[in-house]
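Some notes on the structure that comes next.
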Amino acid sequence: MEQHIIKRILRGGWVLTIGLLMILSCYILIPLIYPFLIAWMIALMLNPVVQWMSEQFRMPRWLSVTICLTLFITSMLTVAVAAVTRIVREIYNLSVSMDHFLQLWREFFIRLFENDKVRIFLDTLGSLYKDNPNLQGSINSNLSSTAEKITTVVTNLITSFLDAIVRLLSSLPNVASISIIILLSAFFISKDWTRWMNIPAKAMPDSICQPLRTIWSDLKQALFGYLRAQLFLISITMFIITAGLIVLRVDYAITIGLLIGIVDLLPYLGVGAVMIPWIIYCFAIDQTSLGIGLSIVYGIVLFTRQIMEPKVLASTVGLDPLLLLVAMFVGMQLFGFLGLIVGPVALVLLSAMKRANVFQDLRTFIMNGKN
């Protein structure tokens with residue numbers, strides 16, 4: 001084999017090894033340093049406001065950071081307390097009205113079994129059951145097996161729910177400790193923002209820093225664009241659902257619209273996770289007009305999301321709609337719900353690396369040995 005081909009193979013192996021080591025390092029280090037990554041993102045988000053306050057009011061940076069962090073913590077706690085209070089209130093209202101719903105279901109089953117066609121079917125089934133002794137054993141066995149499976153599923157669900165509550169309560173001290181570490185880290189990072197941001201520039205040559213600046217600029221723009229796009233789509237969903245429920249004169253229309261808008265983030269079903277069972281329930285209890293109205297609202301939401309989502313994401317993130325959908329689907333298959341964010345972020349990162357000529361530089365290095 002010629003000497004230059006061997007060198008190309010060696011350089012390609014070196015690039016591949018470095019890439020794999022970087023991925024392995026991220027896999028190992030991220031679980032260890034994630035509080036500081038969250039703190040850095042908080043500092044990044046607050047930095048424009050901190051900078052503006054320091055320049056506008058001529059106050060020390062540490063004071064600007066303290067004020068911004070205090071406002072940030074207060075806002076987050078206010079939203080959390082309001083959300084928890086609202087959820088507890090709705091759960092209480094649901095428990096109060098549970099007897100009414102149970103009565104409606106009871107009346108539904110009574111009307112169902114009083115129906116002539118249903119009674120004829122049950123009589124036919126009863127005579128068939130008496131005339132075939134062998135069938136009795138099979139049916140009894142299947143019913144017992146089905147009942148046992150249902151019991152097992154219900155028991156597992158209750159056990160999982162109680163275990164989740166126990167894990168949540170037991171994790172509160174750890175969550176509090178991590179939150180304190182995040183806030184303190186965010187304070188120190190934001191206070192010395194310029195010094196921390198200059199460390200990579202001093203540690204690496206300009207030939208590496210310049211592509212990294214380009215990648216980071218594109219990535220930051222695309223990430224904020226993605227978040228704005230999701231916020232816009234959720235707002236559209238909330239508006240349509242809330243307006244439809246108000247027109248249909250549904251109680252708690254605004255609260256239900258807000259909750260369904262948040263549920264819209266769920267993969268596959270999204271709004272359907274709430275709307276489909278609700279529509280089925282309305283038809284089951286003879287609330288046909290409400291069921292038809294909810295079906296129309298749900299159809300409008302689906303149509304609007306299918307039309308607007310690819311275009312909005314493509315215009316704000318700056319990617320091809322088809323590639324973005326592929327990235328979201330692949331990310332969801334690999335990482336679940338988190339993949340809806342990981343997939344587009346990975347696609348944005350690859351696109352930014354391409355615009356920064358990273359792949360071209362790597363190819364040149366592998367082929368010619370030039371940096």
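Okay, here's what the table says:
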quantity: Top-ranked residue of region 234-287 - restricted to ones that are more than 30 Å from Ala327 (Cβ to Cβ) and among the aromatic types (Phe, Trp, Tyr), ranked as modelled with the lowest pLDDT; calculated: Tyr252
quantity: Yes/no for Phe365 being modelled with pLDDT under 75, more than 25 Å from the chain's Cα centre (by Cα) and within 30 Å of Val15 (Cβ to Cβ); calculated: yes
quantity: Residue that is assigned to a helix (DSSP H, G or I), without any contact (Cβ under 8 Å) to a residue 60 or more places away in the chain and open to solvent by less than 50 Å² (accessible area, probe 1.4 Å), where the choices are Met59, Met45, Met76, Met53; calculated: Met53
quantity: Scope region 13-29; condition more than 20 Å from Arg363 (Cβ to Cβ) and open to solvent by less than 80 Å² (accessible area, probe 1.4 Å); matching residues; calculated: Ser25, Cys26
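The values are calculated or read from the model by the stated rules, or taken from the named source; none is laboratory data. Keep in mind that this is a model prediction, so the values were computed, not measured. With ideal geometry, Cβ positions are generated from the backbone for all residues, glycine too; neighbour counts draw on all protein chains shown. Accessible surface areas use protein heavy atoms only, side chains included; no ligands, DNA or RNA. Shrake-Rupley method; radii C 1.70, N 1.55, O 1.52, S 1.80 Å.
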